[in-house]
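Engineer: Following this message is one structure expressed as C-alpha cells.
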Amino acid sequence: MPALERSNLHVEGRDDIHAIKHLLLRHGFDCPLKGDTRSDNEFPESVPEIKAAGDKSKVLEAMRTATLVGNGRSVGFVLDADEKPESSWDAVRDRLRNFDLILPKKIPENGFIEEIAELKVRIGVWLMPDNQRSGALEDFLQDLVDKKDQLIPLASRSTDEAKANGARFSASSSKKAVLHSWLAWQEEPGMPYGSAIKAEYFRADSLAALAFVEWYKKLFGAG
C-alpha cells in the first residue's frame, strides 16, 4: 500500500522541528517526522508531517512548489520574523503573489490562513515569535520560561559579560546563547529545545504559544 500523501508543515531547521513537535504534544497533538518508525495509519490523515527546509531562505524557496503540489491538502510555513517582520512578510507575499490569495499588507496577529480554491489547498504562514514582533524561535521559547524564573536574567547578564570578554557568537545569536546558558543550568544540563519542552523546563501556555496551537488546529483541521 503506498504511503499516504500528507499535508506538510515546513519549518527552518531541526531546532524548529523538535520545539514545535513537543509543544504540540504538550497540547495533545502528535505528528510524524521524516523517518518516523510508526506506521502512517497510526496518525489521522489530517495530521501533517513537519519538514525542515534548512534555513529561512529555503522555506521561502519551498513555498511556490509546495503550494502547487498540495492538491487537496494543507500546507504551512513557519519562519523567523528576524529584525524586520514587515520585510519577512513582504518576502512571503512575493513568493505567493501569483496565487489567487488575499494577502494583507501586514500578517494577521494570529497568523495567516487562506484557501486557494483552484488548487484546493489551504495555506498558512506563521512568523516567529508572534507575527508582530521582530525575533525568532528563541524569542518564542523565552516567553515560555516562567516569569518568576531568576536564571534567565542571570543567563542574559552572563552572556553579555562573556561577549565583552571575547565570546565569539554573533550579535544575532545572542538570544540563542542566553537560552543555551539557561538550559545548561537545568536539572539535566544542555537539553535541546524539544527535549526541554518535553521535560517541562519550558511552559506551554504563553499567549504566542496558545495562538500558535490555534493556528495549527485551524490550518490542519486538528482537534
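Engineer: Considering only segment 55-84, state which residues are part of a strand (DSSP E or B) and of a type in the set (A, V, I, L, M).
Structural biologist: Residues satisfying the conditions are Val75, Val78, Leu79.
Engineer: Here's something else I'd like to know. Is it the case that segment 114-122 has a residue that's buried (at least 17 other Cβ atoms within 10 Å of the Cβ) and closer than 30 Å to Ser172 by Cα?
Structural biologist: no
Engineer: What's the number of the condition Val145 fails, among (1) without any contact (Cβ under 8 Å) to a residue 60 or more places away in the chain; (2) over 25 Å from Thr67 (Cβ atoms); (3) surrounded by fewer than 17 Cβ atoms within 10 Å (Cβ to Cβ)?
Structural biologist: Evaluating Val145 over (1) without any contact (Cβ under 8 Å) to a residue 60 or more places away in the chain; (2) over 25 Å from Thr67 (Cβ atoms); (3) surrounded by fewer than 17 Cβ atoms within 10 Å (Cβ to Cβ) leaves (3) as the failure.
Engineer: Next question. Give me a count of the residues in segment 99-122 that are more than 24 Å from Arg133 (Cβ to Cβ) and either free of Cβ contacts under 8 Å to residues at least 12 places away in the same chain or part of a strand (DSSP E or B) (or both).
Structural biologist: The qualifying residues number 4.
Engineer: Then there's this: Being among the hydrophobic types (A, V, I, L, M, F, W, C) and within 17 Å of Gly13 (Cβ to Cβ) is the filter here; which residues of segment 167-182 pass it?
Structural biologist: Within segment 167-182, Phe169, Ala177, Leu179 meet the criteria.
Engineer: Hey, another quick one. Could you say which residue among Asp16, Asp94 is assigned to a helix (DSSP H, G or I), farther than 18 Å from Val121 by Cβ and either touching a residue at least 12 places away in the same chain (Cβ under 8 Å) or in contact with a helix residue (DSSP H, G or I) (Cβ under 6 Å, 6 or more places away or on another chain) (or both)?
Structural biologist: Only one candidate passes the filter, namely Asp16.
Conditions (1) aliphatic (A, V, I, L, M); (2) over 17 Å from the mean Cα position of the chain (by Cα); (3) within 15 Å of Gly135 (Cα to Cα); (4) at pLDDT 95 or above, marked per residue:
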| position | (1), (2), (3), (4) |
| --- | --- |
| Ser57 | no, no, no, yes |
| Arg73 | no, yes, no, no |
| Val78 | yes, no, yes, yes |
| Ala81 | yes, no, yes, yes |
| Ser87 | no, yes, yes, yes |
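Engineer: Separate question: Does segment 28-43 hold any residues that are at pLDDT 75 or above, surrounded by 12 or more Cβ atoms within 10 Å (Cβ to Cβ) and over 18 Å from Glu214 (Cα atoms), and which are they?
Structural biologist: Pro32, Leu33, Phe43
Engineer: Please determine, by comparing only the residues of segment 140-179 that are of a type in the set (Ser, Thr, Tyr) and in a helix (DSSP H, G or I), which one is farthest from Leu127 (Cα to Cα).
Structural biologist: Once the filter is applied, the top-ranked residue is Ser158.
Engineer: Another question, then. When both residues are 6+ apart or on different chains and their Cβ atoms are under 8 Å apart, which pairs have a first residue that lies in segment 187-216 and is more than 19 Å from Asp149 (Cα to Cα) and not assigned by TED's automatic domain parsing to the domain that holds Lys21, and a second that is surrounded by fewer than 17 Cβ atoms within 10 Å (Cβ to Cβ) and among the acidic types (Asp, Glu)?
Structural biologist: Once the first residue is more than 19 Å from Asp149 (Cα to Cα) and not assigned by TED's automatic domain parsing to the domain that holds Lys21 and sits in segment 187-216, no partner that is surrounded by fewer than 17 Cβ atoms within 10 Å (Cβ to Cβ) and among the acidic types (Asp, Glu) comes close enough.
The values are calculated or read from the model by the stated rules, or taken from the named source; none is laboratory data. Everything quoted here is computed from the prediction, not taken from an experiment. Reconstructed Cβ throughout: ideal geometry from the backbone, glycine too, with neighbour counts over all protein chains shown.
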